[in-house]
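*Asks:* Take this structure first; my questions come after.
The values are calculated or read from the model by the stated rules, or taken from the named source; none is laboratory data. None of the values given here were measured: they were computed from a predicted structure. Cβ sites come from the backbone with ideal geometry, for glycine too, and all protein chains shown count toward neighbours.
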Amino acid sequence: MEAFIAVSVRPASTTNLKNALPDHERIKEVFYVTGEFDFLLRVEASNTYELARVIEDLRGIEGVENTVTFIVLEKLK
C-alpha cells in the first residue's frame, strides 16, 4: 500500500525531522514544501499496521506537531 503523510513541525524543529527521516525504511520520498504543512512524505507499507508504525514513529520525533495521512486508493497516472 502507498500513502502520503503531511507533517507540520515547530519552526525550530525542521532540522530534527530532516535528520530523522532518511533512516526509516518505509519512507521512500521526502518533500520539504510550502503551505499548511512543512513536509510531504511518500510511504510504502505492506498493510495498515506498518503504516500505523510509521505514523507513530513520526509523532515521536521532537518538534512534530501534526500529521495527516492520505492512503492511495488507486494510482491513475
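*Asks:* Kindly provide the set of residues from the stretch 1-31 that are part of a loop (DSSP other than H, G, I, E, B) and closer than 23 Å to K75 by Cβ, ordered by number.
*Replies:* Of the residues in the stretch 1-31, the ones part of a loop (DSSP other than H, G, I, E, B) are 1, 10, 24-26.
M1, H24, E25, R26 - these are the residues of the stretch 1-31 that are part of a loop (DSSP other than H, G, I, E, B) and closer than 23 Å to K75 by Cβ.
*Asks:* Can you pull out every residue in the stretch 32-49 that is hydrophobic (A, V, I, L, M, F, W, C) and assigned to a loop (DSSP other than H, G, I, E, B)?
*Replies:* Applying the first criterion (hydrophobic (A, V, I, L, M, F, W, C)) to the stretch 32-49 yields 33, 37, 39-41, 43, 45.
The answer is V33, F37, A45.
*Asks:* Also, quick follow-up: Give the residues of the stretch 1-19 that are small (G, A, S), over 11 Å from the mean Cα position of the chain (by Cα) and closer than 13 Å to L58 by Cβ, sorted by residue number. It would help to see each step written out before you state the result.
*Replies:* Step one: list which residues in the stretch 1-19 are small (G, A, S), which gives 3, 6, 8, 12-13.
Filter once more, so that each one left must be over 11 Å from the mean Cα position of the chain (by Cα): 12-13.
Result: S13, single match.
*Asks:* Of the residues in the stretch 50-77, how many are in contact (Cβ under 8 Å) with a residue 24 or more places away in the chain and part of a loop (DSSP other than H, G, I, E, B)?
*Replies:* Total meeting the criteria: 5.
*Asks:* Can you report the number of residues in the stretch 40-63 which are at pLDDT 95 or above and closer than 18 Å to T15 by Cβ?
*Replies:* Total meeting the criteria: 2.
*Asks:* Any residue in the stretch 5-13 that is surrounded by 12 or more Cβ atoms within 10 Å (Cβ to Cβ) and in contact with a Lys or Arg (Cβ under 8 Å, 6 or more places away or on another chain)? Don't jump to the end; show me each part of the working.
*Replies:* Taking the stretch 5-13 as the starting set, the residues that turn out to be surrounded by 12 or more Cβ atoms within 10 Å (Cβ to Cβ) are 5-10, 13.
Of the ones still in play, those that are also in contact with a Lys or Arg (Cβ under 8 Å, 6 or more places away or on another chain) are none.
Among the residues of the stretch 5-13, not one is surrounded by 12 or more Cβ atoms within 10 Å (Cβ to Cβ) and in contact with a Lys or Arg (Cβ under 8 Å, 6 or more places away or on another chain), which makes the answer no.
*Asks:* Given the conditions (1) within 10 Å of the chain's Cα centre (by Cα); (2) closer than 26 Å to K75 by Cα, which single one is not true for T34?
*Replies:* (1)
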